[in-house]
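*Asks:* Would you mind keeping the following structure in view while I ask a few things?
The values are calculated or read from the model by the stated rules, or taken from the named source; none is laboratory data. Remember, predicted model here, so these are calculated numbers, not experimental data. Cβ sites come from the backbone with ideal geometry, for glycine too, and all protein chains shown count toward neighbours. Keep in mind that these areas ignore ligands, DNA and RNA; they rest on the heavy atoms of the full protein, side chains included. Shrake-Rupley method; radii C 1.70, N 1.55, O 1.52, S 1.80 Å.
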Amino acid sequence: LRNSRYLQLIAVLIFVSVIVSTLIDYQFKAAAKEAYPSTDALAVFFGHYYVWLSVVTFLAQVGLTGRLLMGLGLTPSLFLLPLTLVAGSVSFLAWPGLYTATGTRLAEASLRTSVNRSGVEILYLPIPDFIKKKVKVFLDVTVERLGDGVAALLILFYTFFLGGADVRLLSYFCLGLIFVWAIVVFIVQGGYV
């Protein structure tokens with residue numbers, strides 16, 4: 001990993017995507033808690049949400065992933081999630097609330113585990129197997145946990161230093177990170193080719 005710029009770019013891609021995912025999840029859960037203050041109503045809402053998430057993710061994996069990767073190629077497929085999240089983050093800034101947060105989180109969670117995950121897995125193809133096995137485990141475990149940790153630090157910063165009152169402010173962090181994510185996708189596709 002230390003000697004390969006390509007593997008470093010994959011690590012950055014995973015790291016940034018995990019941070020953005022965690023921030024969007026936090027916004028979603030904060031909006032849900034605000035809309036449904038009772039524990040029972042919140043449990044019902046999350047039950048319905050996760051049923052729909054499973055359906056949408058299945059449909060995206062079966063109907064969208066293969067068509068995008070075969071029809072448009074790797075780079076547009078890797079750009080789909082960041083572009084969708086830009087739209088979701090801007091929408092959440094303009095129209096904060098449960099519907100926008102739910103739509104953004106639903107899109108993020110379903111595309112991340114279908115189209116984006118398949119695209120990232122394709123990035124590993126040029127790597128020799130003996131290197132891939134070692135590096136992939138490290139990236140999938142350590143880098144993702146580091147991304148969660150950095151997202152937690154950003155949420156703590158938001159809570160303590162920005163007052164934590166307006167969860168929309170996290171969208172600015174998301175937009176900045178999505179910009180970095182898009183640049184890394186552009187650069188990593190050159191390494192893949």
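*Asks:* Kindly establish whether Pro76 is assigned to a helix (DSSP H, G or I) and open to solvent by less than 30 Å² (accessible area, probe 1.4 Å).
*Replies:* When the stated conditions are applied, Pro76 does not pass them.
*Asks:* Can you report the number of residues in segment 13-44 which are touching a residue at least 24 places away in the same chain (Cβ under 8 Å), of a type in the set (Gly, Ala, Ser) and more than 20 Å from Val180 (Cα to Cα)?
*Replies:* Residues flagged as touching a residue at least 24 places away in the same chain (Cβ under 8 Å), of a type in the set (Gly, Ala, Ser) and more than 20 Å from Val180 (Cα to Cα) within segment 13-44 amount to 4.
*Asks:* For segment 50-73, state whether one or more residues are closer than 17 Å to Val167 by Cβ, surrounded by fewer than 20 Cβ atoms within 10 Å (Cβ to Cβ) and of a type in the set (S, T, N, Q).
*Replies:* no
*Asks:* Right, next: What residue, of Leu64, Leu59, is in a helix (DSSP H, G or I) and at pLDDT 90 or above?
*Replies:* After ruling out the rest, the residue left standing is Leu59.
*Asks:* Also, I was wondering about something else. Picking from Leu81, Leu93, Leu106, which residue would you name as being at pLDDT 90 or above and in contact with an Asp or Glu (Cβ under 9 Å, 6 or more places away or on another chain)?
*Replies:* Leu81
*Asks:* Quick test of your reading of the structure: Asp40 fulfils all but one of (1) open to solvent by 90 Å² or more (accessible area, probe 1.4 Å); (2) closer than 23 Å to Glu121 by Cα; (3) not hydroxyl-bearing (Ser, Thr, Tyr). Name the failing condition by number.
*Replies:* So Asp40 meets the others, but not (2).
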